[in-house]
1. Is it the case that region 211-218 has a residue that's in contact (Cβ under 8 Å) with a residue 24 or more places away in the chain and among the aliphatic types (A, V, I, L, M)?
2. For residue 74, which of the numbered conditions (1) in contact with a Phe, Trp or Tyr (Cβ under 6 Å, 6 or more places away or on another chain); (2) buried (at least 23 other Cβ atoms within 10 Å of the Cβ); (3) over 17 Å from residue 153 (Cα atoms) fails to hold?
3. Has region 18-29 got any residue that is in a loop (DSSP other than H, G, I, E, B), within 15 Å of ligand 1 (Cβ to nearest atom) and surrounded by fewer than 22 Cβ atoms within 10 Å (Cβ to Cβ)?
4. Using the structure shown, decide if residue 69 is in contact with a helix residue (DSSP H, G or I) (Cβ under 8 Å, 6 or more places away or on another chain), among the aromatic types (Phe, Trp, Tyr) and closer than 19 Å to residue 171 by Cβ.
5. Which condition number in (1) charged (D, E, K, R); (2) assigned to a loop (DSSP other than H, G, I, E, B); (3) out of contact with any helix residue (DSSP H, G or I) (no Cβ under 7 Å at 6 or more places or on another chain); (4) within 16 Å of ligand 2 (Cβ to nearest atom) is the one that residue 99 fails?
6. Filtering region 158-194 down to residues that are polar (S, T, N, Q) and in contact with a His (Cβ under 8 Å, 6 or more places away or on another chain), which residue is surrounded by the fewest Cβ atoms within 10 Å (Cβ to Cβ)?
7. Is there a residue being in contact (Cβ under 8 Å) with a residue 60 or more places away in the chain, buried (at least 23 other Cβ atoms within 10 Å of the Cβ) and in a loop (DSSP other than H, G, I, E, B) anywhere in region 87-96?
8. Enumerate the pairs (first residue in region 24-51 and closer than 13 Å to residue 67 by Cα; second residue anywhere and part of a helix (DSSP H, G or I)) with beta-carbon separation below 6 Å, excluding pairs fewer than 6 apart on the same chain, so at least 6 apart or on different chains.
Amino acid sequence: MSTITLPRPDDWHLHLRDGAMLEGVAPETARDFARAIIMPNLVPPVVRGDDAAAYRERILKALPEGSDFEPLMTLYLTEKTDPQDVAQAAASGLVKAVKLYPAGATTNSDSGVRDFDKVRGVLETMAEIGLPLCVHGEVTRPEVDIFDREAVFIETVLDPIRRKTPGLRVVMEHITTKDGVDYVAAQGDDMGGTITTHHLIINRNHILVGGIKPHYYCLPVAKRETHRLALVEAATSGGNTHFFLGTDSAPHVDAAKETACGCAGCFTATHTMPLLAHVFEAEGALDKLEGFASRNGPAFYRLPVNEGTLTLEKTDQPNTWPAKIETGAGPVTLFDPGFPVHWHVKR
Ligand code: DOR
Ligand code: ZN
């Protein structure tokens, strides 16, 4: 049996939703993770500091008795966001980042940004106070092919924004391409990149070959195998500390996934750490999991590494998970890696 012990990991990109879904999924993340950056794309979105404070209370209420899980709150950037409100929410310690969704890019992104000049003041304030901007890096212009959205975003939106706003600290979230890897790797310490569990495991064939698989559909959509390999290399090589885990675990009830127009999102909160142990071991890089899941994220966010540890064990018998978790909102199907996973979190 092999084991590996890490400082408790964090998830730097997580969707917890609200209401009955929040109650169903919050314990899944709190079981293994000490903290998570909580996405603000609720309906209506979490825009002002007051909204984030109220949402944080609802999350804390949904946690199991005795849990010390810490939700790290974010604000949803709109063209009307008030720089003062952002500065106050950051100064109070409540808010750890602001999230930029280009309008129309993904689930509940209608209030996102269309005209980047309208958010210039907020971005300048954030650069001054060192508050990170988390970016959903896809253009939404209809003439751009969905598989090219990330590469075009880097060139036409991300790089220009960063040049116009020196000092702005940016996380390019859920990178899915070699273009994203190369861009993040080439920047200084004001740039981070998160990688999801599922993008380390699937490519676009998983979604489309042998019938359409709605539970592998997420945004940014998985790309071809060469891109997946670039992500695996970035995560597991340990060569560049700008890369860290952001699961983008994004629960939708089965009825919203298994339908003619299904929602984007893979649900990986329950089993991310065993899946990652499998991926890192396959690369001969188990020793690099600690940097990716426990150290690089806190370093970027200027937060301490967690006290306490999480131990993963490898056993002869593969691990098993339920096909779905039942929430008060309905069943949510777990991401299926498509191979046996022999790693378990020691309880
Ligand atoms: O697959 C995704 N699901 N990508 C996103 O950017 C949003 C998320 C969601 O909220 O469902
Ligand atoms: Zn997301």
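The values are calculated or read from the model by the stated rules, or taken from the named source; none is laboratory data. Keep in mind that this is a model prediction, so the values were computed, not measured. Glycine gets a Cβ as well: all are built from the backbone with ideal geometry, and neighbour counts include every protein chain shown.
1. From region 211-218, those in contact (Cβ under 8 Å) with a residue 24 or more places away in the chain are 214-218; that's our starting set.
Filter again for among the aliphatic types (A, V, I, L, M), leaving none.
No.
2. Status for residue 74: all satisfied but (1).
3. Taking every residue of region 18-29 in turn, at least one turns out to be in a loop (DSSP other than H, G, I, E, B), within 15 Å of ligand 1 (Cβ to nearest atom) and surrounded by fewer than 22 Cβ atoms within 10 Å (Cβ to Cβ).
4. When the stated conditions are applied, residue 69 does not pass them.
5. Result: residue 99 passes all but (2).
6. 187
7. Checked region 87-96: no residue is in contact (Cβ under 8 Å) with a residue 60 or more places away in the chain, buried (at least 23 other Cβ atoms within 10 Å of the Cβ) and in a loop (DSSP other than H, G, I, E, B).
8. 26/62; 32/273
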